[in-house]
Structure formats: structure tokens, C-alpha cells
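A.B. asks: I have a structure I would like to understand better, so I am pasting it below and will then ask my questions one at a time.
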Amino acid sequence: MAPVENNQEAVPDDAVRDSAEVRRWDLLRYGVATGLGLVGLGAINSRKPANAVVPDAGPVAEPTIPGVLDLYINEGYLKMVDDTLVYHRGFGERPTEARDPRPSLALTPAVFNATGEVVFSRSYPLNAALPPAGVPAPYKADPVNPGQYYIRRNYWASYFPQRVIIAETGSRLRFRIYNRLAKPHEFVLHGAGLDGGDATTGPIAPGSMAWLELDAPAPGTYIYSDPTNAPVERVLGLFGALLVIDPAFAWDVVPGRASFERQWVWICHAIDPEWARIEAAGGTVDPRTTRAVPRYFTLNGRSGFESLGLTKDPVLNLAAQEETLIAGYPRQLDVRKFGEGAEAGTLRGGQLVRMINPGLVAHQMHFHGNHLWTIRRDNVNFPRHDAFVSADGHIVVQQWEDVVELDPMSHKDCVIPLKRPPDAIDPVWFARTSDWQYPMHCHAEPSQTAAGGMYPGGLVAHWTLKGPAS
Ligand SMILES: [Cu+2]
């Protein structure tokens, strides 16, 4: 793994201008650290990249600045699970035009680390071992529980889907947001500002750039979105998630509590092609008169057989396995004990699932096999005892959940135990020779479809209890 993206290959400015070899992508990712990094902020605006146009390469990214993450508000068309092209907007990592066959509408995961760098990496912690195909290998057999395993504590990295930004505790978040579209847009980190308020650029005029700087908020999960004409711009694709992680507790849900083997981020979304069509034609959707009718439902940007990693594209399948399809070796545990140590170097924890819903459908995430232990909602720790009902009618207490409710603009942290399912009787459990896979589907049934009917082409996944290790 090379978590720091090749800072050594920084390209001097003149070379950038002259070289047809260096594409805008390289500019954005590599053109930073030593060469361009010497430029002060004040000089940036004079460094117009107009001469750096590479034939057929489209618009060119601004020269990057160390420690600053650039986001480009772009538009383009994305292929849905039924091959329909639907107009989208998004916070991209490079400037692209609407007709680009591969528009940049989402960010490759990026990390603001505590030493002031921006590191593009699909995995975190940056120096941790990568789980093969996303699956942490066991530490060793559990001698007391045949067919089960001890797992490694504080060892495996996790893979993250597109749109995820990670900030280490103590880091300074510095963004430049470029609005490349014809209407005003805004970048808001919900709840990440002072005293739990929003951190926002304010409206960004068409063709303009805005800065946003803030200290990393408390460890937790934060949605970012464009709240303009809510929920329209968000539904069109202007959303993502920020995770704040204390590197000293990188395997704890909350510092000092609830250790996990690895974590998963599940970002749910719903797409309305009619809203997209109106906006693509230059109109503005009025969500009160043109009611939302979502027809595509995604989990980490994929639906149906693509979300399940069952395509003919091995690259796409692997990405789904690494980012979405929860898997692990069985371990004997009581997940409510929050990662008890079985012996030195081992852990009997589960895996953390951060479910995040920037969409507009209330999801009901249903796991077969094992129940999940829900511990937090919207960065509020659930108590272990003394349950109560919140003002919005939700039961607030740590609990086993068969179906995890996930409201729009809400997020929940749950632990999936990866243990022997309670209905697996001995003759079945000890006859195991292969992986056991269990469905995860949403009980808001329309979300299981695509294009108004194709079933199960929507928000689906599965999770795997690995078979006996060889
Ligand atoms: Cu079910």
C-alpha cells in the first residue's frame, strides 16, 4: 500500500504547462508537494492554468496546495443499473464537463491527517494492513470454540467508498470549492461547525471558488451536502460524508469504547430521473409541486447486481467487496461487551457499520443471519440503560436491531457481530464447509427496485460469515 500519493513526483509548474504527458488528473494528485507547494496562497490566482490545456483532456485542475482539498462542483451523466443515463451533479475531484464520458462527480476518499497533509487513500488507517478483498484474516483458531477464531486487535485497515473524507483529530480541514455550474451552489458540513452548527462556504456564485477552513470537529460522522433548494441539489448528487477519527483510537467507535475489527461506511441514496431531467434542461425543480419519485436506489453508489459484486467487471466486483459487502470469520463474542480481549493481541469484537443517509427515503435496513447492536445515532451515544423516547419518537437505548431505521439526513453506528447465527444448530454449524452469505435488503420495498420495477435492482447488499479457514 502506498497511502501517500507519490509526493516525490511533484511536477514543476513550467513542466506542467509544457508537458502533454501530464493530464489534469496527475496535476491534481501529484502536482503538489514540493514544487507548487512553494507558492503562497496569494499567488495562486495569478497562476491561471490556461496554457496547460492538454488536447482532448478537458478542463484543467487548479494547481493544488499542500493540505488543501479541492472539490469541483461538476455535472454529468451516470449510468444506472439498467444502463439508463441520468443527469447528476456532484462534488468531484477534478473539473469535468457535462459531456465527459467519465465525469468526476464524487471524490476518491481523502484523509486530512494530523500533520497537515491531504492524502488520497481508499483505506484507513494509512499504514495498517489491507484486508484481502476487504476480509480481515483471522489471528488464530479459538481453542475453546471449534470452528471459530480470534481476530486481530488494532491491525486491519478499512476500505472506504467514494465521497468519504476522513479527518484525524487535531487536523485542520481546508477546502477550496469550485462552482463550475450555472447556478449558485454551497458546500455545508452539517453539524461540524462551532457548537454543533453547520460549517458552510455560503452560496458560491457560478464560476467562483470559495474557501472553507475549520478544525476537525469531535470524532464521529458528518454529512456534507449542498442545501440549496433542499432537497433538490442533494438528490441530484451533491452529498458525501466526513468521518472524524482519533488516530489514537482508530479502531474504536468512540475513543476508548467499542473496539471493532474493521469498519464499513454505507452511504444510501435515491435518484429521481425526472428532477434530473428538469434540471439538465436548465429548469429549477420546485419540490413542493414536482414531488419526488425516486426510481434508483444506491448503496455506496451502486445498485442491484452491481452492489452485490456480481457483474462481469472484476474491478467493480472487487470494489464492492472491499467497500460494501461485509465479511469476516466467525468469532465467539457478546458484542455488548464492546470488544473484550480474549488474550493478548486478540479481540472478540465485531465490525462497525456506519450507515449514512443523505438521500430522501426513510430506509429500513434489514439484515438476515444476525442482528446488529445499535450504539449511536447522529453522533449521540445511546445509553446502555434507562431507555427513553426522543422528541421525534425514536427509542434511545443501545439495542439489538433486526431492521435498522435510517431517516433522511441521519446516520447510525451499529456493530455487526460476525458470530454464529443463533439459529445455526450444532449439526448444521459443524457441517460447514463454505462461506455463508446472508442478504441485507431495505424493507422500504420500492428501494429494492430500479426504473420503477426491476427487482432486486435497488439498495441491496449481503454479508458473509466466512467458512473454515484453510
Ligand atoms: Cu429480509
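Bear in mind that the values in this text are calculations on the coordinates, not laboratory data. Here the structure is a predicted model, which is why all the values come from computation and not from measurement. Note: ideal-geometry Cβ built from the backbone for every residue, glycine included; neighbour counts use all protein chains shown.
A.B. asks: Considering Cα pairs under 8 angstrom that are at least six residues apart, work out the relative contact order of the chain and quote it in whole percent. Don't skip to the answer; put the middle values down first.
C.D. replies: Values: 1169 pairs, mean separation 60.0, N = 470.
Relative contact order here is 13 percent.
A.B. asks: Using only helices, what value at 222 nm comes out for the chain when you add -39,500 (n - 2.57) per DSSP H run of length 4 or more and divide by the total residues, to the nearest 500 deg cm²/dmol? Intermediate values should be presented prior to the final figure.
C.D. replies: Values: 8 runs with 47 residues, N = 470.
Here the helix-only value at 222 nm equals -2000 deg cm²/dmol.
A.B. asks: While we're looking at this one, here's another question. Within the chain, how many Lys pairs sit with Cα atoms under 26 Å apart, leaving out pairs fewer than 8 places apart on the same chain?
C.D. replies: For the chain, the number of qualifying lysine pairs is 12.
A.B. asks: While we're here: Kindly identify the chain as rounded, prolate or oblate by the Cα gyration tensor criterion: order the square roots of the eigenvalues as a ≥ b ≥ c, call it rounded if a/c is under 1.5, otherwise compare a/b with b/c, prolate if a/b is larger, else oblate.
C.D. replies: Prolate shape, in that a/c is at least 1.5 and a/b is the bigger ratio.
A.B. asks: Then there is this: Count charges around THR311 for me, please; just the other residues with Cβ under 15 Å from its Cβ, Lys/Arg as +1, Asp/Glu as -1. Intermediate values should be presented prior to the final figure.
C.D. replies: Working: positive: LYS79, ARG302, LYS312; negative: ASP82, ASP83, GLU306, ASP313, GLU322, GLU323.
Summing Lys/Arg as +1 and Asp/Glu as -1 gives -3.
A.B. asks: Could you compute the net charge surrounding HIS190? Neighbours are other residues with a C-beta less than 13 Å from the C-beta of HIS190; K and R count +1, D and E count -1.
C.D. replies: On the way: positive: ARG234; negative: GLU186, ASP198, ASP226, ASP378.
Combined, the nearby Lys, Arg, Asp and Glu give -3.
A.B. asks: Any idea which of ALA114, PRO314, TYR222 is furthest toward the positive side of the dipole for the chain, if Lys and Arg beta-carbons carry +1 and Asp and Glu beta-carbons -1?
C.D. replies: PRO314
A.B. asks: How large is the charge dipole for the chain, taken about the Cα centre, if only the Cβ atoms of Lys, Arg (+1) and Asp, Glu (-1) carry charge, to the nearest 20 debye?
C.D. replies: Dipole of the chain, to the nearest 20 debye: 460 debye.
A.B. asks: Once the dipole of the chain is set up with Lys and Arg at +1 and Asp and Glu at -1 on Cβ about the Cα centre, which of ALA61, ILE271, PRO125 lies farthest towards its positive end?
C.D. replies: Farthest along the dipole direction, towards plus: PRO125.
A.B. asks: Something else now. Nearest 5 percent is fine: what portion of the DSSP beta bridges confined to the chain is antiparallel? Walk me through the numbers before you get to the answer.
C.D. replies: Values: 74 of 96 bridges.
So the antiparallel bridges in the chain amount to around 75 percent.
A.B. asks: Let me ask something else about it. Quick one: angle between helix 314-323 and the longest Cα principal axis of the chain, in degrees between 0 and 90, rounded to 10, please.
C.D. replies: On a 0 to 90 degree scale, this one is about 70.
A.B. asks: Please compute the net charge surrounding GLN351, taking Lys and Arg as +1 and Asp and Glu as -1 over other residues with Cβ under 14 Å from its Cβ. Walk me through the numbers on the way to the answer.
C.D. replies: On the way: positive: ARG152, ARG153, ARG262, ARG331, ARG348, ARG354, LYS419, LYS466; negative: ASP252, GLU261, GLU322, GLU323, ASP413.
Charge balance in the 14 Å sphere: +3.
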